[in-house]
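One structure below.
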Amino acid sequence: MVKITFPDLQGPLDTVEQLACESLLLSMLFDPDASFRALNRAADLQIACANLFTSYIQDGSLGYTHQHGFLIRGNILIRCDSAVMTSSDLYAELVDPMDEKVLASLEGRGIHSCGMIGHAVPRMLELPSLRCIDLGQSEMNDIDELYKQAAGRRIPLLRIHPSLKEVERGTICRRFSTGVSLHFRAESIQDAKRIFNSYVTSTMSSPAGAME
């Protein structure tokens with residue numbers, strides 16, 4: 001059977017940014033009320049589209065969904081890449097309420113962003129309905145600091161990009177003992193198998209470094 005998953009419905013901020021381009025950023029500064037209305041409308045449309053598509057989805061266990069190749073708890077992963085261009089205060093004032101509206105309405109639990117998103121993560125972690133953060137480019141952030149912040153809320157970080165040495169030696173498991181998923185880009189299938197075997201061997205032979 002072919003699995004049918006949600007298309008990328010983006011998120012309130014990314015949707016409006018694609019429509020308004022850079023003018024949205026100016027509007028967020030000088031006309032926050034108009035920006036709020038636009039983001040709210042985008043949130044309503046995302047919720048409506050998700051509810052429409054739900055009957056066609058064949059994604060597996062109820063209450064879980066596959067996004068970016070990973071299984072996440074919840075029904076949707078908001079894309080919030082454009083948050084890299086906002087301040088933490090603007091995110092908290094205008095974007096934060098709309099992300100929470102989508103997450104709460106859809107029983108969705110995740111937010112994704114590529115790029116340097118560390119400034120917005122503390123605000124994201126305050127969202128009541130958030131259950132995970134998906135990092136498209138974890139290497140561009142102070143991932144140890146983000147991990148410490150997320151651990152306090154028991155929010156897992158997805159797609160952490162470890163170094164080859166950390167994977168082969170299993171030291172990544174001591175750095176992040178729980179609450180993460182790892183994503184390593186191998187050059188080939190053969191390399192992937194070799195690296196994976198090294199990872200399994202090193203973590204099994206060193207209980208202190210094994211994932212929980």
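The values are calculated or read from the model by the stated rules, or taken from the named source; none is laboratory data. Here the structure is a predicted model, which is why all the values come from computation and not from measurement. Counting neighbours? That spans all protein chains shown, and the Cβs are built from the backbone with ideal geometry, glycine included. In case anyone asks, the SASA skips ligands and DNA or RNA and just uses the protein heavy atoms, side chains included. Shrake-Rupley method; radii C 1.70, N 1.55, O 1.52, S 1.80 Å.
Checking ASP8, ASP81 one by one, the residue that is of a type in the set (D, E, K, R), surrounded by fewer than 16 Cβ atoms within 10 Å (Cβ to Cβ) and touching a residue at least 60 places away in the same chain (Cβ under 8 Å) is ASP8 and no other.
Residues ALA34, ALA43: which one is crowded, with 20+ Cβ neighbours inside 10 Å and among the small types (Gly, Ala, Ser)? Spell out how you get there, then give the answer.
Numbers: ALA34 fails: crowded, with 20+ Cβ neighbours inside 10 Å.
ALA43 is the lone residue from the list that is crowded, with 20+ Cβ neighbours inside 10 Å and among the small types (Gly, Ala, Ser).
If I filter region 51-60 for residues that are among the acidic types (Asp, Glu), under 16 Å from LEU135 (Cα atoms) and touching a residue at least 24 places away in the same chain (Cβ under 8 Å), do I get at least one hit? Checking region 51-60: not a single residue is among the acidic types (Asp, Glu), under 16 Å from LEU135 (Cα atoms) and touching a residue at least 24 places away in the same chain (Cβ under 8 Å). Taking helices (runs of 4 or more DSSP H) as the structural unit, those lying wholly within region 1-80 and holding at least 1 residues that are within 20 Å of the chain's Cα centre (by Cα) correspond to 12-20, 32-54.
Selection within region 90-134: residues that are touching a residue at least 60 places away in the same chain (Cβ under 8 Å) and of a type in the set (Val, Ile, Thr). The member of this set that is farthest from ARG37 (Cα to Cα) is ILE111.
Confirm whether SER202 is open to solvent by 30 Å² or more (accessible area, probe 1.4 Å), part of a helix (DSSP H, G or I) and modelled with pLDDT under 95.
Details: open to solvent by 30 Å² or more (accessible area, probe 1.4 Å): no; part of a helix (DSSP H, G or I): yes; modelled with pLDDT under 95: yes.
Taking the combined requirement at face value, the residue does not satisfy it.
Looking at region 84-96, which of its residues are over 16 Å from the mean Cα position of the chain (by Cα) and open to solvent by less than 50 Å² (accessible area, probe 1.4 Å)?
Step one: list which residues in region 84-96 are over 16 Å from the mean Cα position of the chain (by Cα), which gives 85-90, 92-94.
Those that are over 16 Å from the mean Cα position of the chain (by Cα) and open to solvent by less than 50 Å² (accessible area, probe 1.4 Å): THR86, SER88, LEU90, ALA92, LEU94.
Screening LYS3 on (1) surrounded by 14 or more Cβ atoms within 10 Å (Cβ to Cβ); (2) among the basic types (Lys, Arg); (3) over 20 Å from LEU135 (Cα atoms) shows it passes everything except condition (1).
Working only within region 65-78, note down all residues that are closer than 19 Å to ILE4 by Cβ and in contact with a helix residue (DSSP H, G or I) (Cβ under 8 Å, 6 or more places away or on another chain).
Once the filter is applied, which keeps residues that are closer than 19 Å to ILE4 by Cβ and in contact with a helix residue (DSSP H, G or I) (Cβ under 8 Å, 6 or more places away or on another chain), region 65-78 yields GLY74, ASN75, ILE76.
Working only within region 173-196, note down all residues that are of a type outside the set (D, E, K, R), part of a helix (DSSP H, G or I) and open to solvent by 30 Å² or more (accessible area, probe 1.4 Å). Can you show your working first?
Initially, region 173-196 is screened for residues of a type outside the set (D, E, K, R), giving 173, 176-184, 186, 188-190, 192, 195-196.
Now restrict to residues that are part of a helix (DSSP H, G or I): 173, 189-190, 192, 195-196.
Residues satisfying the conditions are ILE189, GLN190, ALA192, PHE196.
Against the numbered list (1) loosely packed, with under 15 Cβ neighbours inside 10 Å; (2) closer than 18 Å to MET28 by Cβ, LEU62 comes up short only at (2).
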